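Below is one structure, written out as structure tokens; the observations come after it.
The values are calculated or read from the model by the stated rules, or taken from the named source; none is laboratory data. Not measured: the values here are computed from a predicted model. In this analysis, Cβ positions are derived from the backbone assuming ideal geometry, glycine residues included, and neighbour counts consider all displayed protein chains. SASA here: full protein model, heavy atoms, side chains in, ligands and nucleic acids out. Shrake-Rupley method; radii C 1.70, N 1.55, O 1.52, S 1.80 Å.
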Amino acid sequence: MSTLGLIGSGHIGSTLARLGVAAGLDVVLSNSREPETLADLVTELGPRARAATPAEAAADGDWVVVTVPLKNYRQVPVAPLAGKVVLDTNNYYPERDGRIAELDAETTTTSALLQRHLPDAKVVKAFNSIFFAHLAALARPSGAADRSALPIAGDDPEAKAAATRLLDLLGYDAVDAGPLADSWRFQRDTPAYVVPYAKNPQGLGISGDDPGASADAATLRAALAAAQRG
């Protein structure tokens, strides 16, 4: 595997693109507009990066990250993602996404919605639980004493292994939080969401200028275990 496809190139997508290029991956970026709108980012990233349509990014990626507002998940192309490992960064913000009855009733998760939309893909929840600035700042080589861990969740063991390899390349250990049904444990407003990586957490949130702090696997497992629903 050597190509990272990105459906969505906002804060998280562009950060993952930078980490991917730094790790020696080829990166295919896309957004909801024309590829030309990503010209400045592609120039910054250099020859390993190119802009494309979402369908092209989906087809070309060995891993494909879906990082779009949740309200737009049904616009993600289906056919080119068949058989692919799809990493989902979505979080539910009703003020942005509108009310989604299944999520309000806690009968499903954001990533389960995407998996339903992509029945032949292998969805893994990842990268949703860390502030994008911390994602950029806390990446460390394998074996570093201050390396951080990120949670993942998914229903396919091989897909989770592939996601773990990607995280390792990008500078993070992975903690398996279980199947997609348990991905709520690191969704918005849980102890494992952004707080473990903050130097000065504010309840279950952080300030936009927080410099970040490393969080190892043990810290993350404790945060996941403390999550509650309802």
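Here are a few things to note about the model shown:
- Output for the stretch 85-106, where each listed residue is surrounded by 12 or more Cβ atoms within 10 Å (Cβ to Cβ) and either assigned to a helix (DSSP H, G or I) or among the hydroxyl-bearing types (Ser, Thr, Tyr) (or both): Thr89, Tyr92, Tyr93, Pro94, Asp97, Glu102, Leu103
- Residues satisfying the stated conditions in the stretch 214-224, i.e. touching a residue at least 40 places away in the same chain (Cβ under 8 Å) and of a type outside the set (Ser, Thr, Tyr): Ala215, Asp216, Ala217, Leu220, Arg221, Leu224
- Looking across the stretch 119-133, the residues that are within 21 Å of Asp176 (Cβ to Cβ) and not hydroxyl-bearing (Ser, Thr, Tyr) come down to Ala121, Lys122, Val123, Val124, Lys125, Ala126, Phe127, Asn128, Ile130.
- Selection from the stretch 36-54 of residues that are under 17 Å from Val76 (Cβ atoms) and not small (Gly, Ala, Ser): Thr53, Pro54
- Taking the criterion of being farther than 18 Å from Trp63 by Cβ, touching a residue at least 60 places away in the same chain (Cβ under 8 Å) and in a loop (DSSP other than H, G, I, E, B), the only residue of the stretch 109-128 that qualifies is Thr109.
- Listing of strands (runs of 3 or more DSSP E) fully contained in the stretch 13-83 that carry 1 or more residues being open to solvent by 30 Å² or more (accessible area, probe 1.4 Å) and either of a type in the set (Val, Ile, Thr) or within 22 Å of Arg140 (Cα to Cα) (or both): 26-30
- The single condition from (1) polar (S, T, N, Q); (2) open to solvent by less than 40 Å² (accessible area, probe 1.4 Å); (3) under 22 Å from Leu170 (Cβ atoms) that Thr109 fails is (3).
- Of all residues in the stretch 198-211, none are assigned to a helix (DSSP H, G or I) and without any contact (Cβ under 8 Å) to a residue 40 or more places away in the chain.
- The condition (being assigned to a loop (DSSP other than H, G, I, E, B) and either open to solvent by 60 Å² or more (accessible area, probe 1.4 Å) or aliphatic (A, V, I, L, M) (or both)) is satisfied by just one residue among Arg165, Arg221, Arg147, Arg188: Arg188.
- When the test is whether a residue is at pLDDT below 95, of a type in the set (Ser, Thr, Tyr) and either in contact with a Lys or Arg (Cβ under 8 Å, 6 or more places away or on another chain) or more than 23 Å from Gly230 (Cβ to Cβ) (or both), Ser32 passes it.
- Cβ-Cβ distances below 9 Å connect no pair with a first residue in the stretch 37-59 that is aromatic (Phe, Trp, Tyr), a second residue that is open to solvent by less than 90 Å² (accessible area, probe 1.4 Å) and part of a strand (DSSP E or B), and a separation of six or more residues or different chains.
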